[in-house]
1. In which sequence would SER347, SER199 go, from the one with the fewest C-beta neighbours within 10 Å to the one with the most?
2. With +1 on each Lys and Arg Cβ and -1 on each Asp and Glu Cβ, and nothing else charged, work out how big the dipole of the chain is about its Cα centre, in Debye to the nearest 20.
3. In deg cm²/dmol and to the nearest 500, what is the mean residue ellipticity at 222 nm of the chain if only DSSP H runs of at least 4 residues count, each as -39500 (n - 2.57), divided by the residue total?
4. In a GNM of the chain with a 10 Å cut-off on Cα contacts, which of ARG221, ARG346, ARG63 has the highest mean-square fluctuation?
5. Would you please give the residues with an amide H less than 5 Å from that of HIS215, counting only those at least 5 places away or on a separate chain, with H modeled from the backbone geometry?
6. Can you name the helices of the chain, as whole DSSP H runs, whose Cα span along the helix axis is 24 Å or more and whose Kyte-Doolittle mean is not below -1.0?
7. Provide the percentage of antiparallel DSSP beta bridges, counting only those with both residues in the chain; round to the nearest 5.
8. Pick from CYS146, CYS87, CYS20: which is most flexible by mean-square fluctuation in a GNM of the chain where alpha carbon atoms under 10 Å apart are linked?
Amino acid sequence: MKSQETQSSKATAIDLFSGCGGLTVGLKQAGFDVLAAVEVDPLAAETYRSNHSDVVLKEGDIRSVSPLRLLRELNLKKGQLDLLAGCPPCQGFSSLRTRNGNRRNRDRRNDLVGQMLRFAKTFEPKAIMMENVPKLIQYGPFKRLCQKLVELGYEVDVQIKDAARYGVPQRRRRLILLAGKGFAVRAAAEARVVRTVRSAIGNLKEAGKSKDALHDLPEKRRSEKIQQLIRDIPKNGGSRTDLPEDRQLPCHQKSDGFRDIYGRMAWDEVSPTITGGCFNPSKGRFLHPVKNRAITMREAALLQTFPKRYRFSARAGKEAIALMIGNALPPEFIRRHALVIMKTLRSVKRTQRASIAHH
């Protein structure tokens with residue numbers, strides 16, 4: 001357990017719905033001391049623990065975790081925690097799941113947004129950050145969360161941002177909620193320079209010979225027809241739609257949608273959104289810019305801005321790793337916003353001290 005002295009020397013944070021640790025990485029890089037995390041998925045928890053052994057990890061359904069017990073376990077008092085952060089599972093709100101607009105979405109995970117409020121009421125943190133898919137802004141549970149936070153004395157700001165404008169070499173539109181207890185917290189300024197696929201993965205050693213287990217995971221065997229299709233896709237941003245119609249698969253000829261399928265990334269642009277299907281070119285534009293293969297799991301993790309040596313549990317196989325990486329928050333996106341939160345917290349503390357000294 002971390003001592004009070006350690007807790008008081010750095011701004012403190014808790015990571016709800018931690019997944020494999022993208023949010024925690026970003027918070028730590030910004031200077032936060034992450035005291036605790038909660039994660040229900042055993043594989044993600046195993047990966048989290050192997051990279052963040054200094055954090056108290058509560059493994060299990062967040063609905064069964066007592067905020068009051070955790071508050072006491074961390075030797076904190078109400079109002080002492082600097083930042084409560086989290087990203088409730090977003091699959092229930094994803095645009096693919098709700099394409100049929102006249103159908104009500106009954107995914108059980110939708111009620112997890114309310115867990116942010118449950119922990120906020122107990123901890124009364126100085127600041128709150130929540131990240132999710134843009135579509136969440138339309139839903140009642142999220143609107144209620146914002147309303148209740150305002151009633152608790154928080155100034156709430158909600159923005160929809162593209163991670164590509166924040167040092168992430170990937171298109172990834174996200175909703176970000178920032179709130180301060182009695183003060184405003186604003187989103188970070190957008191970057192002037194956009195990072196590219198080349199900057200993230202251009203200098204890696206040959207996949208399969210790199211001695212990095214994540215980079216060397218083999219691809220599944222493909223038919224000669226699919227292998228030839230991949231070889232024929234033009235290098236550096238080419239797509240199956242660049243091929244003559246008779247060279248395209250029959251299922252692709254029938255469909256005009258999902259045009260990124262069997263497409264290559266372009267070296268000097270950002271990548272598409274890295275999803276849980278990023279190991280499979282039939283799921284999107286996940287072919288390497290010049291190699292005749294899908295991106296590796298290390299390349300996917302780097303496009304998400306995970307550190308180069310970040311460890312992912314491989315015991316459940318490649319698809320499970322891809323799902324962890326695709327579901328993660330890009331650490332660099334979090335780091336930039338967390339730095340602004342840190343700066344705001346320091347400014348508020350200085351103002352409060354000056355006010356006390358004045359009186």
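Coordinate-derived values only; no laboratory data. Everything quoted here is computed from the prediction, not taken from an experiment. Counting neighbours? That spans all protein chains shown, and the Cβs are built from the backbone with ideal geometry, glycine included.
1. Arranged by neighbour count, lowest to highest, SER347, SER199 become SER347, SER199.
2. Charge dipole of the chain: 260 debye, to the nearest 20.
3. -9500 deg cm²/dmol
4. Maximum fluctuation in the GNM of the chain, among the listed residues, is at ARG221.
5. For HIS215, the qualifying residues are ARG298.
6. Span-like helices in the chain: 331-358.
7. About 50 percent, rounded to the nearest 5.
8. Among CYS146, CYS87, CYS20, the largest GNM mean-square fluctuation belongs to CYS146.
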